[in-house]
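See below for the structure under consideration.
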Amino acid sequence: QEGYKLAVTAHGIRLESATTTGFFYGLTSLKKMLPACVAAGVKDEKVTTYELPLVQITDKPRFPYRGFMLDVARHFFSVQEVKKMLDVMAIYKLNKFHFHLTEDQGWRLEIKSHPELTAKSSMRSGTVIGHNATVDDSIPHGGFYTQQEARDIVEYARQRHITVIPEIDMPGHTLAALAAYPELGCTGGPYEVGHRWGVYKDVLCLGKESTYKFVQDVIDEVVDIFPAKYFHIGGDESPTVMWEKCPNCLQKAKDENTDIKHLQQYFTNRIEKYLNSKGKSIIGWDEILEGKINQSATIMSWRGVEPGLKAAKQGHDVIMTPSSHVYFDHYQAKETKHEPDAIGGCSPVEKVYSYEPLPETLDAEAKNRIKGVQANLWTEYIPFTTQAEYMVLPRMARLASIISTIKVDWPDT
Ligand code: ACM
Ligand code: ZN
């Protein structure tokens, strides 16, 4: 459905596709053969004539899900900056934009039923300097998208054949929300929007019914903005220490015939049911596999490839995003002296290119469950869009290579 055939002959250009998406990708390839100024529609006096190579291209994507995630919560990126990323994705024929909208350090989407999420949770009063040193810059950082702006991003993406998948990360990574609505936490706070990176022990209290009401209120507005079939519920890095001491959480676990270690599983299944009632399917980070969760949940494998392979064997749909290969916030050179400060790791272009999402050891049925690959840009150490582009651009080209089946022939005439 997304494939095309492109032939440049002595007589002209012929582009064939079954769908407008295929046609869009064919045009994208054609554009890449043009001088950059022509493709971009920018005037350059020196470029007056140009030639296309004689070529035949057959191309279709290897996977239906070809994703890129931008964390706009650790650092905020403007609508304009997000749109530029979408342009870049389109060049590489990526089709799923995973919009990581909420974090401990900031909530980035207007929710009309809970105005404090933008008034308070979207702003932190400072950011730790370096790798969680004790020094804080005391510079307020924040920002959010109005619902109208989010809709504008969705439409801009749609015109580039990209679906925007929103992520509301829960029950962990919710400190910013707790800062505005402390009753959502186990102790009732007070809480402060996070200044440092990593995992916070304060998460949503799963023992109080009011938490579920809050989550459902948020979902009601988010699903109305983002028409995607998928809804990402996060689910990563959620400690249980506060639940273990909370009478409400202990009681809930008892009532639901489970234990504290599996309270997240109860939460995930309940939220999934609610989202299903809205016509949505959930994606969660691979931690959600740690409980008995419904097979209908799609697993995003980030702690290496193993969780994804395990999930595929269990019959879950899987999106591979192993931090070992496609975390674009990792360094891209072994020698880091002249690189911008990064979170760690090392995934140079060769490593991205070496990644094979469908290992030989996997049987055909499990292979079929792997719906695609996604690269992630976490932005703890990436405050500027120029730095984001520096981290993304060389490696996204390699990501595009491993998820494409492009075949190029150069006929003699
Ligand atoms: C993640 O990198 N915490 C999903
Ligand atoms: Zn609790």
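The share of alpha-carbon pairs in region 138-268 lying farther apart than 17 Å comes to 63%. Note on region 351-406: semi-axes of the ellipsoid equivalent to its C-alpha gyration tensor, largest first and rounded to whole Å, are 28, 13, 9. For region 115-178, the spread of Cα coordinates along the three principal axes comes to 45, 27, 24 Å, biggest extent given first. Normalising the average separation of contacting C-alpha pairs (under 8 angstrom, six or more residues apart) by the number of residues puts the relative contact order of region 230-330 at 23 percent.
Between the amide H of TYR145 and those of LEU109, GLU110, distances stay under 5 Å, these residues lying 5 or more places away or on another chain, with hydrogens modeled in the peptide plane.
Within straight-line reach of LYS229, meaning a Cα separation under 16 Å, sit the following aspartates and glutamates at least 8 residues removed in sequence or on another chain: GLU155, GLU167, ASP220, GLU221, GLU272, ASP317.
Looking at the chain alone, DSSP beta bridges between its own residues are antiparallel in about 40 percent of cases.
Relative protection proxy for 209-221, 94-106, 358-370, 63-75, from highest mean packing down: 94-106, 63-75, 209-221, 358-370 (other beta-carbon atoms within 10 angstrom). Length, then width, then depth: along the principal axes, the Cα atoms of the chain run 78, 49, 42 Å.
A cysteine counts as unpartnered when no other cysteine's C-beta lies under 4.7 Å of its own; in the chain this applies to CYS37, CYS346. Dividing the helix sum by the residues of the chain, where each DSSP H run of 4 or more adds -39500 (n - 2.57), gives a mean residue ellipticity at 222 nm of -9500 deg cm²/dmol. Summing charges over all other residues whose Cβ lies under 9 Å from the Cβ of VAL193, with Lys and Arg as +1 and Asp and Glu as -1, gives 0.
In terms of overall dimensions, region 292-405 has a Cα radius of gyration and Dmax of 15.2, 46 angstrom. Which links in LYS84/LYS280; LYS120/LYS245; LYS208/LYS245 stretch past 19 Å when you go from one Cα to the other? Violating the 19 Å Cα-Cα cut-off are LYS84/LYS280; LYS120/LYS245.
Over all distinct Cα-Cα pairs of region 69-173, the Kirkwood formula returns a hydrodynamic radius of 14.6 Å.
For the chain, averaging the sequence separation of C-alpha pairs within contact (under 8 Å, six or more residues apart) and dividing by the residue count gives a relative contact order of 17 percent.
Applying the Karplus relation 6.51 cos²θ - 1.76 cosθ + 1.60 with θ = phi - 60° to region 394-399 yields 3J(HN,Hα) values of x, 7, 5, 4, 6, 4 Hz, where x marks Gly and Pro. As an equivalent ellipsoid, region 194-256 spans semi-axes of 25, 18, 10 angstrom, where each value is the square root of five times an eigenvalue of the C-alpha gyration tensor, largest first. Taking θ as phi - 60° and the Karplus parameters 6.51, -1.76 and 1.60, the scalar couplings of region 245-258 work out to 9, 9, x, 5, 5, 4, 5, 4, 4, 5, 4, 9, 6, 9 Hz in sequence order, x denoting glycine and proline. Relative to its residue count, region 1-107 spans a Cα convex hull of 122 Å³ per residue. Ranked by the mean number of other Cβ atoms within 10 Å of their residues, highest first, the peptides 325-338, 156-169 fall in the order 156-169, 325-338. Peptide packing for 81-88, 252-259, 300-307 was compared via the average number of neighbouring C-beta atoms within 10 Å per residue; ordered from the highest value, the list is 300-307, 81-88, 252-259.
Just so you know, all these numbers are worked out from the coordinates, no wet-lab data involved. The shown structure was predicted, so the numbers you read here are calculated from the model rather than taken from an experiment. Please note: Cβ atoms are built from the backbone with ideal geometry, for glycine as well, and neighbour counts cover all protein chains shown.
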